[in-house]
């Protein structure tokens, strides 16, 4: 089966491609760097010839409110239109747990716009809502740092390792469309401020963490329901300690 991965050279895309190729499938991992651009349409029709499944992992180069909305609306429209012409049978997109609960965030509003396009399209689909990746813990700490202190929300947080996300994306690519969403999350839930403090300590980072209920995350204040699944979810297998140990190994 031919599977096209949009954003296939990124963190999740490259790992997903390896898993699907190892299962014997024809995988085309594309990005603007490979000559396939969902914004301009360059190379899109050619890439989708014969494809049964498309996995959309593309992300915006700018997260400024207007730019990110334009990216996901334009990319989503172009991709879905090209898929319809190519006869694609399953469209899969990676989105974010809590997208609909953080309307103050321009990024989350943009992801909601992407999801609406998918649901309105005639193409059968599955949307995977993921919690934040463990690989982005440093970036979260950096975003909340002033001086030597990272002020972060104590809201419930359940980050997931990218390897676990790739496992799910490859599994979903080989199953029937849900025409709905599934939630995935890491195996451990704790306050965001606590998990980031664990990360900084493990990384021998001298910064301290202060819990601040008013600290913003992508422009929004958080509560214990903002970023975690509220119902059933598929949980990853890799806990923080195992992920951190693996992340320190030579590539």
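Each value in this text was obtained by applying a stated rule to the coordinates, not by laboratory testing. Here the structure is a predicted model, which is why all the values come from computation and not from measurement. So basically every Cβ, Gly included, is an ideal-geometry build from the backbone, and we count neighbours across all protein chains shown.
Could you give the C-alpha radius of gyration of the range 61-148 expressed as a fraction of 2.2 N^0.38 Å, taking N as the number of residues it contains?
This ratio for the range 61-148 stands at 1.26.
The Cα-based radius of gyration of the range 48-104, divided by its Kirkwood radius, gives an Rg/Rh of 1.03. Spin-label pair residue 201-residue 242: with each label point 7 Å from Cα along the Cα-Cβ axis, the two points sit 2.1 nm from one another.
Scaled against the 2.2 N^0.38 Å expected of a compact globular protein of N residues, the Cα radius of gyration of the range 212-251 reads 1.68. How large is log10 I(q)/I(0) at q = 0.09, 0.15 Å⁻¹ when the Debye formula is applied to the Cα atoms of the range 123-251, each weighted equally and without solvent? For the range 123-251, the Cα-only Debye profile gives -0.28, -0.73. Compactness of the chain, taken as the C-alpha radius of gyration over 2.2 N^0.38 Å, stands at 1.02. In this entry, the range 111-199 is assigned a mean projected area of 6.8 nm², taken as a quarter of its C-alpha convex hull surface. Normalising the average separation of contacting C-alpha pairs (under 8 angstrom, six or more residues apart) by the number of residues puts the relative contact order of the range 1-137 at 23 percent.
P(r) for the range 13-90, please, calculated from all Cα pair distances in 5 Å bins and given in %. Taking all Cα pairs of the range 13-90, the binned fractions are 3, 15, 24, 25, 19, 10, 4, 1, 0 percent.
Over the chain, DSSP H runs of length four or greater, each weighted -39,500 (n - 2.57), average out per residue to a 222 nm ellipticity of -11000 deg cm²/dmol. Determine which residues of the range 98-129 fall in the zone a paramagnetic label at residue 62 would reach in this model, i.e. backbone nitrogen under 16 Å from the point 7 Å along Cα→Cβ. Answer for the range 98-129: 106-107, 110.
Net length available on complete extension from residue 42 to residue 9 is 10.2 nm, with 0.36 nm assigned per residue and the Cα-Cα distance removed. Between 239, 22, 78, which gets the highest mean-square fluctuation from a Gaussian network model of the chain, Cα cutoff 10 Å? Largest GNM mean-square fluctuation: 22.
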